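The values are calculated or read from the model by the stated rules, or taken from the named source; none is laboratory data. On a predicted model such as this, the values are computed, not experimentally measured, just so you know. No Cβ is skipped: glycine too gets one built from the backbone with ideal geometry, and neighbour counts run over all protein chains shown.
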Amino acid sequence: MKRRSAFTLMEVLVALAIVAILAGAAGLAVLPNLQKGKYRGAQFQVAQFKSALEQYLLDNGAPPTRQQGLAALVAAPTLPPVPASFPAGGYLDKLEVPLDPWGREYAYLVPGPAGKPFDVVCYGADGEEGGDGWDADVSCWK
């Protein structure tokens with residue numbers, strides 16, 4: 001008599017079901033931490049933009065215009081008013097303006113709220129103004 005050493009289809013299906021259940025449980029446990037990390041990343045990037053824009057303001061007397069946008073922090077603007085002073089490496093340690101953690105552009109407002117010279121806003125996970133929790137806006141001045 002020959003003895004087979006292969007798995008039956010039922011054994012393979014049971015093993016796959018167990019792996020799927022474990023992967024789903026792990027995914028549900030990780031998802032809140034992923035959103036928290038993205039939200040904190042947005043807060044960190046907005047703080048970097050604020051520092052860079054404050055330095056730009058000190059160097060040039062005014063923040064970049066809305067038309068110049070945040071790109072004025074990584075490359076010398078060519079649209080007027082062209083800054084008199086622009087550091088060789090720009091104001092951010094990046095070659096281009098980063099996107100928010102959800103892959104969207106940050107909103108750049110000139111002037112900012114309540115008499116502030118500027119504001120940089122990430123609209124959170126939903127990408128829309130307002131919201132609560134992970135959908136809440138992240139702003140320079142909040």
Quiz item: Taking interchain pairs and intrachain pairs at least six residues apart, which have beta carbon atoms under 7 angstrom, with the first residue in segment 62-91 and surrounded by 14 or more Cβ atoms within 10 Å (Cβ to Cβ) and modelled with pLDDT of 90 or more and the second part of a loop (DSSP other than H, G, I, E, B) and among the acidic types (Asp, Glu)?
Solution: Val74/Glu96
Exercise. Quickly run through segment 108-142 and pick out the residues that are closer than 17 Å to Ala72 by Cβ and among the small types (Gly, Ala, Ser).
Key: Gly112
Quiz item: Which condition breaks for Ala136 when tested against (1) touching a strand residue (DSSP E or B) at 6+ places or on another chain (Cβ under 7 Å); (2) surrounded by 15 or more Cβ atoms within 10 Å (Cβ to Cβ); (3) of a type in the set (A, V, I, L, M, F, W, C)?
Solution: (1)
Quiz item: When Asn33 is evaluated against the numbered criteria (1) assigned to a helix (DSSP H, G or I); (2) of a type in the set (S, T, N, Q); (3) within 27 Å of Trp141 (Cβ to Cβ), which criterion, by number, is the only one it fails?
Solution: (3)
Practice problem: Could you please find all residues in segment 53-94 being in a loop (DSSP other than H, G, I, E, B), in contact with a Phe, Trp or Tyr (Cβ under 6 Å, 6 or more places away or on another chain) and under 13 Å from Val110 (Cα atoms)? | Solution: Pro63, Gly69
Quiz item: Got a sec? Which of Cys140, Cys122 is on the phi < 0 side of the Ramachandran plot and modelled with pLDDT of 95 or more?
Solution: Cys122
Self-check item: When residues of segment 111-127 are limited to those that are within 27 Å of Gln35 (Cβ to Cβ) and without any contact (Cβ under 8 Å) to a residue 24 or more places away in the chain, the one surrounded by the fewest Cβ atoms within 10 Å (Cβ to Cβ)
Solution: Asp126
Quiz item: Would a scan of segment 17-34 turn up a residue that is in contact with a Phe, Trp or Tyr (Cβ under 9 Å, 6 or more places away or on another chain) and either surrounded by 12 or more Cβ atoms within 10 Å (Cβ to Cβ) or at pLDDT 90 or above (or both)?
Solution: no
Quiz item: From the list Lys94, Lys116, which one is at pLDDT below 90, basic (Lys, Arg) and closer than 20 Å to Gln43 by Cβ?
Solution: Lys94
